[in-house]
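Colleague: My questions will all concern the structure given below.
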Amino acid sequence: MPRALVWRLRVAAAIGLAIASVQVIAQKPPAESPADPTFDRAVKAATGLPRLRSLLVSRRGAVVTERYFHGARAASPANIKSAAKSVISALVGIAIDRRLIAGVSAPIGAYFPELAAAGTDPRKRAITIEDLLTMRSGLESTSVRNYGAWVQSPNWVRFVLTRRLESAPGTEMSYSTGNYHLLSAILSKASGTSTWAFASSALARPLGIALAPWPQDPQGIYFGGNEMLMTTRHMAAFGDLYLRRGRAGGRQIVPEAWVDASFVPRARSHWSDQLYGYGWWIRDMGGRQVRYAWGFGGQFIFIVPDLEMVVVTTSVATPGDQRREHLRAVYDLVEHLVIEPAASTQ
């Protein structure tokens, strides 16, 4: 059987199992929240976006507007795509706080002894945890043109580590999910368990949500920074956790200092011109600084600290001719029909 077909079948099976797990957990889905009239125009505009599946607005920890579109429901999990990088970042912060990882300055050579092999560029051993978090490892990207070859390869970690260095580690940002897959491998080694098991015990359960298993690479390492499934409300709970600087349910789940450090701009994307911290994007919207998790197709968790607000959108996660137009429409909707009206009624 062709390797590409094997990969597609494996991912489809994993996602199917995860969807079933989420739906079993959410046997009694909550009803949609009544819409705050402040956001009536946002809901109307959202209804007209064929790729949009959900819109949720939370203020001060309370859901004030929640709507689902085109057959989606509150219990419907979304493939959050690269918004999963923000989740992996949270796990790294927890692991550092528990002294499972020495810190963001720790070089990755200790986790990947194969980097000591003769002929390997010695600069690769000096790549740090922070370089992976900010996607400044310098390694050739595994995303876009290299993505297919990467996920069809027999060893994803080896594929990433054998990419050539295009820039010195810690300098240029090059968007690459391979960086976050290395972080997933490091989390597994440091915690002595799988990334999913660590995420479930250290993040999901304390937050009061369930995180279904997601696809793994051929060595069993959970995909770092892609293919996670979460419901819109689970995404909102994660966003609210960061809005509250890592606290939920009366306990500190993610270290406060890690949340603050994650929101510090440390790199700029060449292709989007947006600032990036530790797994979170940063931009101004409606005159406010917004931090957000961003997944392919329009999976977003927007955090607006000044307004004590979290905005979540989910969308069709597959390629399509209208994808870029849809992305612009979501940004405009959130900025002009959610953030700006919320600011006027603050």
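Colleague: Across the stretch 237-257, which residue is surrounded by the most Cβ atoms within 10 Å (Cβ to Cβ) among those that are in contact with a Phe, Trp or Tyr (Cβ under 8 Å, 6 or more places away or on another chain) and more than 10 Å from V310 (Cα to Cα)?
Modeller: Residue satisfying both the conditions and the ranking: V254.
Colleague: So which of L52, L91 ends up being over 21 Å from S184 (Cα atoms), at pLDDT 95 or above and buried (at least 20 other Cβ atoms within 10 Å of the Cβ)? First the steps, then the outcome.
Modeller: Working: L91 fails: over 21 Å from S184 (Cα atoms).
Criteria check complete, one pass: L52.
Colleague: With the requirement that a residue be aliphatic (A, V, I, L, M) and closer than 19 Å to E130 by Cα, what does the stretch 247-299 give you? Don't jump to the end; show me each part of the working.
Modeller: The initial filter retains those residues of the stretch 247-299 that are aliphatic (A, V, I, L, M), namely 248, 253-254, 257, 259, 261, 264, 267, 275, 282, 285, 290, 293.
The answer is V254, A257, V259, A261, V264, A267, L275, I282, A293.
Colleague: Do we have S315 as within 26 Å of S174 (Cβ to Cβ), touching a strand residue (DSSP E or B) at 6+ places or on another chain (Cβ under 7 Å), at pLDDT 95 or above and polar (S, T, N, Q) here? Lay out the reasoning, then the answer.
Modeller: Working: within 26 Å of S174 (Cβ to Cβ): yes; touching a strand residue (DSSP E or B) at 6+ places or on another chain (Cβ under 7 Å): yes; at pLDDT 95 or above: yes; polar (S, T, N, Q): yes.
Taking the combined requirement at face value, the residue satisfies it.
Colleague: Moving on to the next point. Counting only residues that are assigned to a strand (DSSP E or B), in contact (Cβ under 8 Å) with a residue 12 or more places away in the chain and not charged (D, E, K, R), how many does the stretch 270-294 have? Step through it out loud before you land on a result.
Modeller: Keep residues of the stretch 270-294 that are assigned to a strand (DSSP E or B), which gives 275-276, 281-285, 288-294.
From what's left, in contact (Cβ under 8 Å) with a residue 12 or more places away in the chain: 276, 281-282, 285, 288-294.
If we keep only those that are not charged (D, E, K, R) too, we end up with 276, 281-282, 285, 289-290, 292-294.
Selection size over the stretch 270-294: 9.
Colleague: Another question about this same structure. Which of the residues spanning the stretch 211-234 are of a type in the set (F, W, Y) and assigned to a loop (DSSP other than H, G, I, E, B)? Before you say what the answer is, go through the steps one by one.
Modeller: First, pick out the residues of the stretch 211-234 that are of a type in the set (F, W, Y): 214, 222-223.
If the condition is that a residue be of a type in the set (F, W, Y) and assigned to a loop (DSSP other than H, G, I, E, B), then W214, F223 are the ones that fit.
Colleague: If you take the residues of the stretch 173-210 that are touching a residue at least 60 places away in the same chain (Cβ under 8 Å) and part of a loop (DSSP other than H, G, I, E, B), which of them is nearest to T232 (Cα to Cα)?
Modeller: A210
Colleague: Restricting to the stretch 307-343, and then to whatever is in contact (Cβ under 8 Å) with a residue 40 or more places away in the chain and of a type in the set (D, E, K, R), can you tell me which residue is surrounded by the fewest Cβ atoms within 10 Å (Cβ to Cβ)? Outline the logic, then answer.
Modeller: The first filter runs over the stretch 307-343 and keeps only residues in contact (Cβ under 8 Å) with a residue 40 or more places away in the chain, leaving 307-317, 320, 322-323, 326, 329-331, 333-343.
With of a type in the set (D, E, K, R) added as a condition, the list becomes 308, 323, 335, 340.
Numbers: E308: 17, R323: 16, E335: 19, E340: 14.
Checked the stretch 307-343; the qualifying residue surrounded by the fewest Cβ atoms within 10 Å (Cβ to Cβ) is E340.
Colleague: Just to be sure before I move on: is S153 over 17 Å from the mean Cα position of the chain (by Cα), of a type outside the set (A, V, I, L, M) and either in a loop (DSSP other than H, G, I, E, B) or modelled with pLDDT of 95 or more (or both) in the structure I sent? Steps first, answer last, please.
Modeller: Details: over 17 Å from the mean Cα position of the chain (by Cα): yes; of a type outside the set (A, V, I, L, M): yes; either in a loop (DSSP other than H, G, I, E, B) or modelled with pLDDT of 95 or more (or both): yes.
Yes: the conditions hold for S153.
Colleague: Look through G109, G103, G170 and report the one residue that is modelled with pLDDT of 95 or more, among the small types (G, A, S) and touching a Leu at 6+ places or on another chain (Cβ under 9 Å). Full working, then the answer.
Modeller: Values: G103 fails: touching a Leu at 6+ places or on another chain (Cβ under 9 Å); G170 fails: touching a Leu at 6+ places or on another chain (Cβ under 9 Å).
Result of the check over G109, G103, G170: G109.
Colleague: Which one of the conditions (1) at pLDDT below 95; (2) over 21 Å from S272 (Cβ atoms); (3) of a type in the set (A, V, I, L, M, F, W, C) does V144 fail to meet, given that it meets all the rest?
Modeller: (2)
Colleague: Is it true that A257 is under 30 Å from R59 (Cα atoms), touching a helix residue (DSSP H, G or I) at 6+ places or on another chain (Cβ under 7 Å) and not aromatic (F, W, Y)?
Modeller: Working: under 30 Å from R59 (Cα atoms): yes; touching a helix residue (DSSP H, G or I) at 6+ places or on another chain (Cβ under 7 Å): no; not aromatic (F, W, Y): yes.
It is false that A257 is under 30 Å from R59 (Cα atoms), touching a helix residue (DSSP H, G or I) at 6+ places or on another chain (Cβ under 7 Å) and not aromatic (F, W, Y).
The values are calculated or read from the model by the stated rules, or taken from the named source; none is laboratory data. Every value quoted in this text rests on a predicted model; they were computed, and no experiment measured them. Note: ideal-geometry Cβ built from the backbone for every residue, glycine included; neighbour counts use all protein chains shown.
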